[in-house]
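In what follows, a single structure is set out as structure tokens and then discussed.
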Amino acid sequence: MSPSIATNIAELNQRIHRAKEKFSRTGEKISLMAVSKTRPAQAIREAYAAGICDIGENYLQEAIEKIQQLNELPLTWHFIGPIQSNKTSTISEHFHWVHSIDRLKIAQRLNNQRPESLDPLNICIQVNIDDEASKSGVSPEALPELAEDIASLPRLKLRGLMAIPQASDNIEAQRASFARLHEAFLLLQRRHPQLDTLSMGMSKDMEAAIAEGSTILRIGTDIFGARNSA
Ligand SMILES: *Cc1c(COP(=O)(O)O)cnc(C)c1O
């Protein structure tokens with residue numbers, strides 16, 4: 001039998017604790033988001049029972065079903081996948097955070113469609129930190145202007161940056177990518193002092209992300225087990 005979700009989360013909390021000690025970040029808050037794409041609502045219930053409140057989803061339709069099935073739980077829902085413009089209204093109505101903004105047009109639509117009854121939608125800008133042709137994300141060069149434009153939208157709250165670095169098993173290479181994101185974040189923070197979120201670190205590069213200043217980890221596999229490749 002595969003280990004339970006609760007066991008996986010307990011082990012992850014240990015890993016996070018050890019990495020915080022190793023990289024001198026004890027006492028700082030690092031949130032753990034459970035990335036539940038392809039997983040049923042019941043798996044999220046188990047994660048919640050083990051102390052997780054932040055849930056990340058990539059695919060809108062399956063996310064909405066789970067949000068509705070779990071609406072009695074006080075969960076914070078994060079949209080972390082690519083966004084087509086015809087999906088913005090549903091996202092703006094159901095999520096608390098969006099981490100995958102890389103175009104002004106999408107941000108403007110989310111701003112215009114965010115219901116008045118809800119708090120402003122929290123936003124992280126996704127940065128293509130390793131300049132990969134295949135990856136979403138704004139280039140580091142175009143980031144300041146996009147951030148400036150998004151910060152002026154009243155129904156959005158710009159919180160920080162997100163990146164998915166080039167895959168590597170080498171912790172030094174992983175750290176170099178995350179360090180570049182952290183540097184871009186610090187530069188932006190001079191102009192936008194409210195920024196407080198560095199969304200970086202997945203199952204295979206979590207320690208490197210903690211070393212380089214992550215404030216929220218996005219973990220799927222190491223909580224829920226391997227996904228069937230879609
Ligand atoms: C799937 C996904 C994750 C989680 O990845 P794991 O390797 O399963 O931990 C994190 N962030 C994003 C954007 C994802 O799409």
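The values are calculated or read from the model by the stated rules, or taken from the named source; none is laboratory data. Just so you know, these numbers come straight off a predicted model, no measurement behind them. Counting neighbours? That spans all protein chains shown, and the Cβs are built from the backbone with ideal geometry, glycine included. What goes into the accessible areas is simple: the full protein's heavy atoms, side chains included, and nothing from ligands, DNA or RNA. Shrake-Rupley method; radii C 1.70, N 1.55, O 1.52, S 1.80 Å.
Among the numbered criteria (1) over 18 Å from the mean Cα position of the chain (by Cα); (2) closer than 15 Å to residue 192 by Cβ; (3) part of a helix (DSSP H, G or I), which single criterion is violated by residue 105?
Failing condition for residue 105: (2).
For the stretch 136-147, which residues satisfy the criterion of being touching a residue at least 24 places away in the same chain (Cβ under 8 Å) and open to solvent by 60 Å² or more (accessible area, probe 1.4 Å)? Talk me through it step by step, then tell me what you get.
Applying the first criterion (touching a residue at least 24 places away in the same chain (Cβ under 8 Å)) to the stretch 136-147 yields 136-138, 140, 143-144, 146-147.
Once the filter is applied, which keeps residues that are touching a residue at least 24 places away in the same chain (Cβ under 8 Å) and open to solvent by 60 Å² or more (accessible area, probe 1.4 Å), the stretch 136-147 yields only 144.
Quick one: in the stretch 193-206, of everything that is within 13 Å of the ligand (Cβ to nearest atom) and not in a loop (DSSP other than H, G, I, E, B), which residue is farthest from residue 78 (Cα to Cα)? Give the derivation first.
As a first pass, look at the stretch 193-206 and keep what is within 13 Å of the ligand (Cβ to nearest atom): 199-206.
This time we only want the ones that are not in a loop (DSSP other than H, G, I, E, B), so: 199, 206.
Working: 199: 11, 206: 18 Å.
Step by step, filter the stretch 193-206, then rank; the result is 206.
Counting just the residues of the stretch 153-170 that are in a loop (DSSP other than H, G, I, E, B) and of a type outside the set (S, T, N, Q), which one comes out most open to solvent (accessible area, probe 1.4 Å)? Write out each step before concluding.
Initially, the stretch 153-170 is screened for residues in a loop (DSSP other than H, G, I, E, B), giving 153-155, 163-170.
Next, only the ones that are of a type outside the set (S, T, N, Q) stay: 153-155, 163-165, 167, 169.
On the way: 153: 26, 154: 97, 155: 38, 163: 1, 164: 54, 165: 14, 167: 99, 169: 148 Å².
Out of the qualifying residues, it is 169.
For the stretch 208-230, name all the residues that are more than 13 Å from the ligand (Cβ to nearest atom), part of a helix (DSSP H, G or I) and open to solvent by 10 Å² or more (accessible area, probe 1.4 Å).
Of everything in the stretch 208-230, just one residue is more than 13 Å from the ligand (Cβ to nearest atom), part of a helix (DSSP H, G or I) and open to solvent by 10 Å² or more (accessible area, probe 1.4 Å), namely 211.
Exactly one condition in (1) within 20 Å of the chain's Cα centre (by Cα); (2) away from the ligand (no atom under 13 Å from the Cβ); (3) of a type in the set (Gly, Ala, Ser); (4) more than 20 Å from residue 201 (Cβ to Cβ) is false for residue 63; which is it?
(2)
Just checking, which of 150, 129 is buried (at least 20 other Cβ atoms within 10 Å of the Cβ) and farther than 30 Å from residue 14 by Cβ?
Values: 129 fails: farther than 30 Å from residue 14 by Cβ.
Only one candidate qualifies: 150.
State whether the residues of the stretch 140-158 include one that is within 15 Å of the ligand (Cβ to nearest atom) and under 16 Å from the mean Cα position of the chain (by Cα). Step through it out loud before you land on a result.
If we filter the stretch 140-158 for residues that are within 15 Å of the ligand (Cβ to nearest atom), which is where we start, we get none.
The answer is no; no qualifying residue exists.
Can you report the number of residues in the stretch 6-28 which are open to solvent by 70 Å² or more (accessible area, probe 1.4 Å) and either within 13 Å of the ligand (Cβ to nearest atom) or outside any loop (DSSP other than H, G, I, E, B) (or both)? Lay out the reasoning, then the answer.
Step one: list which residues in the stretch 6-28 are open to solvent by 70 Å² or more (accessible area, probe 1.4 Å), which gives 11, 13-14, 17-18, 21-22, 24, 26-28.
Within this subset, residues satisfying the condition of being either within 13 Å of the ligand (Cβ to nearest atom) or outside any loop (DSSP other than H, G, I, E, B) (or both) are 11, 13-14, 17-18, 21-22.
The total comes to 7.
Residue 79 passes all but one of (1) open to solvent by less than 60 Å² (accessible area, probe 1.4 Å); (2) under 18 Å from residue 197 (Cα atoms); (3) out of contact with any helix residue (DSSP H, G or I) (no Cβ under 8 Å at 6 or more places or on another chain); (4) of a type outside the set (A, V, I, L, M); which number fails?
Of everything listed in (1) open to solvent by less than 60 Å² (accessible area, probe 1.4 Å); (2) under 18 Å from residue 197 (Cα atoms); (3) out of contact with any helix residue (DSSP H, G or I) (no Cβ under 8 Å at 6 or more places or on another chain); (4) of a type outside the set (A, V, I, L, M), residue 79 misses just condition (3).
Restricting attention to the stretch 98-126, report how many residues are of a type outside the set (Lys, Arg) and open to solvent by less than 30 Å² (accessible area, probe 1.4 Å).
If we filter the stretch 98-126 for residues that are of a type outside the set (Lys, Arg), which is where we start, we get 98-102, 104, 106-108, 110-113, 115-126.
Narrowing the set further to residues that are open to solvent by less than 30 Å² (accessible area, probe 1.4 Å) leaves 98-101, 106-107, 110-111, 121-126.
Of the residues in that region, 14 qualify.
When you look at residue 185, is it more than 12 Å from the ligand (Cβ to nearest atom), out of contact with any Cys (no Cβ under 6 Å at 6 or more places or on another chain), open to solvent by 10 Å² or more (accessible area, probe 1.4 Å) and not in a loop (DSSP other than H, G, I, E, B), yes or no?
Numbers: more than 12 Å from the ligand (Cβ to nearest atom): yes; out of contact with any Cys (no Cβ under 6 Å at 6 or more places or on another chain): yes; open to solvent by 10 Å² or more (accessible area, probe 1.4 Å): yes; not in a loop (DSSP other than H, G, I, E, B): yes.
For residue 185, the condition - more than 12 Å from the ligand (Cβ to nearest atom), out of contact with any Cys (no Cβ under 6 Å at 6 or more places or on another chain), open to solvent by 10 Å² or more (accessible area, probe 1.4 Å) and not in a loop (DSSP other than H, G, I, E, B) - is met.
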